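The values are calculated or read from the model by the stated rules, or taken from the named source; none is laboratory data. Since the model is a prediction, treat every value here as computed from it, not as a measurement. Neighbour counts are summed over all protein chains in view; Cβ atoms, including those assigned to glycine, are modelled from backbone coordinates with ideal geometry. Quick note on the areas: whole protein, heavy atoms, side chains included, nothing else; ligands and nucleic acids left out. Shrake-Rupley method; radii C 1.70, N 1.55, O 1.52, S 1.80 Å.
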Amino acid sequence: FSKNHQNYQTRLYRLPKTAGNHTPKLMDFFNTNGTITAAGIDKENEVLVLSGYKFNSSDDTYNPFLWTFWDYQNDEFFMGKSQRVNFPVDVQIEGVCHYENGKFMVSCESESGGLGKLFLFDSKRWTD
């Protein structure tokens with residue numbers, strides 16, 4: 001998944017699993033209305049989560065979000081159902097990783113000398 005600051009559309013690329021020099025193949029794109037920073041997948045429940053944020057330069061704030069994708073076929077993530085979940089805090093989300101049974105760990109950077117934060121996100125709340 002690409003990080004695109006210009007038009008906020010992430011692109012999905014495919015690479016072979018074999019070692020060597022390969023050219024990424026563009027598979028699809030999706031308008032996330034923000035900058036994508038990471039992706040995590042729950043293979044058992046077939047849920048993909050993209051993390052990201054949209055920076056508001058007028059007041060120097062971040063509008064963090066997660067996109068959840070489910071009910072897709074194979075790896076055609078953007079052809080299934082999707083839901084954007086906005087975070088009610090001003091943080092710069094930088095990572096997401098599947099934890100267990102539909103739950104994902106979401107991390108953000110430390111800012112202004114503070115500590116980074118870690119959140120637990122239950123995708124089942126949004127996909128059931």
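Here are some notes:
- Search result, residues across segment 98-116 that are surrounded by fewer than 16 Cβ atoms within 10 Å (Cβ to Cβ) and part of a loop (DSSP other than H, G, I, E, B): Asn101, Glu109, Ser110, Glu111, Ser112, Gly113, Gly114, Leu115, Gly116
Residues are listed down the side, and each one gets a yes or a no for (1) closer than 22 Å to Ser110 by Cα; (2) open to solvent by 60 Å² or more (accessible area, probe 1.4 Å):
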{"site": "Phe1", "(1), (2)": "no, yes"}
{"site": "Thr10", "(1), (2)": "no, no"}
{"site": "Leu26", "(1), (2)": "no, yes"}
{"site": "Phe30", "(1), (2)": "no, no"}
{"site": "Val47", "(1), (2)": "no, no"}
{"site": "Ser57", "(1), (2)": "yes, yes"}
{"site": "Trp70", "(1), (2)": "no, no"}
{"site": "Asp90", "(1), (2)": "yes, yes"}
{"site": "Val96", "(1), (2)": "yes, no"}
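- From the options Phe119, Phe69, residue that is aromatic (Phe, Trp, Tyr), part of a strand (DSSP E or B), under 24 Å from Met27 (Cβ atoms) and modelled with pLDDT of 85 or more: Phe69
- Qualifying residue in segment 24-42 (condition: of a type in the set (Lys, Arg), farther than 13 Å from Ser123 by Cα, modelled with pLDDT of 90 or more and assigned to a loop (DSSP other than H, G, I, E, B)): no
- Pro64 being closer than 17 Å to Tyr8 by Cα and not aliphatic (A, V, I, L, M): yes
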